[in-house]
Amino acid sequence: MVFARGGRNNAAMNDRRAPRILLGITGGIAAYKTPDLVRRLRERGAEVQVVMTVSARQFVAPLALQAVSGREVRESLWDPAAEAAMGHIELARWADLVLVAPATAEFMARLVHGRADDLLATLCLATAAPLHLAPAMNRLMWSNPATQANVASLRARGVALHGPASGEQACGETGEGRMLEPVELAEAVFAGVGLSRPLAGRKVVVSAGPTRERLDPVRFLTNRSSGKMGYAVAQAACEAGAEVVLVSGPVALPAPPGVTRVDVESARQMYEAVHAALRGADVYIGAAAVADYEPAQVAPEKIKKEAPTMTLELVKAPDILASVAALEPRPFVVGFAAETQRVEEHARAKLERKRLDMIAANRVGDGLAFDRDENALTVLWDGGREELMTAGKLDLARRLVALVAARMAAQSRPASNVVHVRR
Ligand code: C5P
């Protein structure tokens with residue numbers, strides 16, 4: 001099978017050209033650090049095109065940025081010469097990643113509303129590349145509920161935020177709101193989507209969404225999974241350079257670009273599709289909310305409401321995750337644990353019982369996790385854990401995928417070649 005691999009931001013890897021970063025600079029005092037940031041990004045092999053807002057000019061000279069980036073700085077939507085050389089839509093397409101640093105409270109508020117009233121805001125709206133922000137502002141501006149609401153809504157749309165850090169501020173106060181230092185920021189951006197591609201050459205199978213267990217021709221048992229977390233994981237794995245097969249229960253989501261999607265309904269169908277997709281796979285991530293039980297029989301005709309009560313007989317559905325973990329040799333196996341109480345304890349027990357390489361645990365119920373755009377995960381593995389704080393599901397998925405790649409590197413498993421043995 002030939003896979004269309006990766007979205008647009010995989011172009012750098014496919015062409016073996018330098019990753020292209022569009023660096024947006026907005027008007028905060030931390031802008032004085034951006035010539036150094038450009039150098040740090042270039043040190044890592046990126047081509048950097050700077051776009052400044054009018055207020056950024058108050059803090060850093062365009063000429064300095066032109067000197068370190070080796071490219072003319074873009075500032076205006078209305079510059080006929082610059083537009084003739086590379087129009088703003090072309091510029092939006094050019095980027096593999098857009099980084100706005102510093103991102104002021106004002107600029108984030110404009111992003112939330114989809115404003116297109118200057119060149120940088122227009123580019124952020126017009127690009128399909130991942131958007132990364134390095135917020136920087138006074139601590140009270142950062143903690144203000146208006147800013148925090150804007151941050152939450154940007155995260156929910158998959159925007160990645162780096163920082164802010166805590167410490168002494170230019171305004172003389174101390175607290176949260178400092179831009180990350182250029183070295184840290186360059187490292188964070190490269191560790192993220194599309195640039196370091198830690199899963200290049202790997203095949204990843206992801207299961208997502210709910211399953212439907214038929215009772216009769218018109219009814220089924222299901223659950224509240226929306227598939228958003230699993231779809232985000234599939235997208236993040238694809239951005240990290242992997243060939244991705246997404247085995248999906250019924251959800252109302254489009255397949256992420258570059259991902260091969262296989263649609264199923266029941267737990268049994270998902271079991272078959274996952275095992276078929278696992279040939280040659282290096283990683284299996286079970287993010288689906290698979291039914292634990294299925295009806296013992298499926299009624300051939302619609303069940304009539306005759307008796308005052310009715311009893312359904314259910315039998316255990318196949319445990320896909322455990323069956324994959326039992327393969328020999330097997331891929332790197334990641335499970336999810338949705339728990340309503342004692343989350344970490346139950347998840348750690350599941351990690352050991354099902355012999356998983358990693359488990360991502362989250363609290364569910366009372367409006368948490370299911371069908372939400374945000375989530376928080378505690379990721380556990382043998383001898384380790386990492387807390388992924390509340391964030392948009394795509395942002396979380398990117399961090400989870402980075403952890404998977406890091407653990408695989410640590411284990412240095414031999415790549416691929418899963419033999420298809422059913423237990
Ligand atoms: O045991 P529990 O259902 O809580 O485990 C959740 C994990 O197991 C998830 O990764 C889910 O995708 C997987 N699972 C499965 N097959 C089942 C039930 C759960 O693969 N029948």
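Apart from one condition, I320 fits all of (1) within 16 Å of the ligand (Cβ to nearest atom); (2) out of contact with any Phe, Trp or Tyr (no Cβ under 7 Å at 6 or more places or on another chain); the exception is (2).
Which members of segment 323-356 meet the condition of being within 12 Å of the ligand (Cβ to nearest atom) and acidic (D, E)? Answer for segment 323-356, where residues must be within 12 Å of the ligand (Cβ to nearest atom) and acidic (D, E): just E339. Taking the listed residues V334, V324, the one that is in a strand (DSSP E or B) and in the same structural domain as L215 (by TED's automatic domain parsing) is V334, with no other qualifying.
Taken together, the criteria place A402 among residues that are surrounded by 12 or more Cβ atoms within 10 Å (Cβ to Cβ) and in contact (Cβ under 8 Å) with a residue 40 or more places away in the chain.
Within segment 275-310, restricting attention to residues that are basic (K, R) and touching a residue at least 60 places away in the same chain (Cβ under 8 Å), which residue is nearest to the ligand (Cβ to nearest atom)?
R279
In the set (1) away from the ligand (no atom under 16 Å from the Cβ); (2) within 24 Å of D373 (Cβ to Cβ); (3) of a type in the set (V, I, T); (4) touching a residue at least 60 places away in the same chain (Cβ under 8 Å), V204 fails one condition alone, (1). In the condition set (1) at pLDDT below 95; (2) exposed (fewer than 15 other Cβ atoms within 10 Å of the Cβ), V54 is compliant with all but (1).
Restricting E272, E313 to those that are at pLDDT 95 or above, more than 11 Å from the ligand (Cβ to nearest atom) and more than 15 Å from D216 (Cβ to Cβ) reduces the list to E272.
Going through E239, E243, E213 one at a time, which residue ends up being within 14 Å of the ligand (Cβ to nearest atom) and in contact (Cβ under 8 Å) with a residue 60 or more places away in the chain? Write out each step before concluding.
On the way: E239 fails: within 14 Å of the ligand (Cβ to nearest atom); E243 fails: within 14 Å of the ligand (Cβ to nearest atom).
Only one candidate qualifies: E213.
Residues checked against (1) assigned by TED's automatic domain parsing to the domain that holds L221; (2) among the hydrophobic types (A, V, I, L, M, F, W, C); (3) assigned to a loop (DSSP other than H, G, I, E, B):
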| position | (1), (2), (3) |
| --- | --- |
| A252 | yes, yes, yes |
| A255 | yes, yes, yes |
| M270 | yes, yes, no |
| I285 | yes, yes, no |
| A291 | yes, yes, yes |
| I303 | yes, yes, yes |
| P318 | yes, no, yes |
| P329 | yes, no, yes |
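Condition check: surrounded by fewer than 17 Cβ atoms within 10 Å (Cβ to Cβ) and in contact with a Lys or Arg (Cβ under 7 Å, 6 or more places away or on another chain). Does P250 satisfy that? In short, yes. Checked against the criterion of being of a type outside the set (K, R), under 14 Å from the mean Cα position of the chain (by Cα), within 19 Å of L133 (Cβ to Cβ) and not in a loop (DSSP other than H, G, I, E, B), segment 200-217 has no qualifying residue.
The values are calculated or read from the model by the stated rules, or taken from the named source; none is laboratory data. Owing to the predicted nature of the structure, the values given are computational and were not obtained by experimental measurement. Every residue, glycine among them, receives a Cβ derived from its backbone with ideal geometry; neighbour counts consider all protein chains shown.
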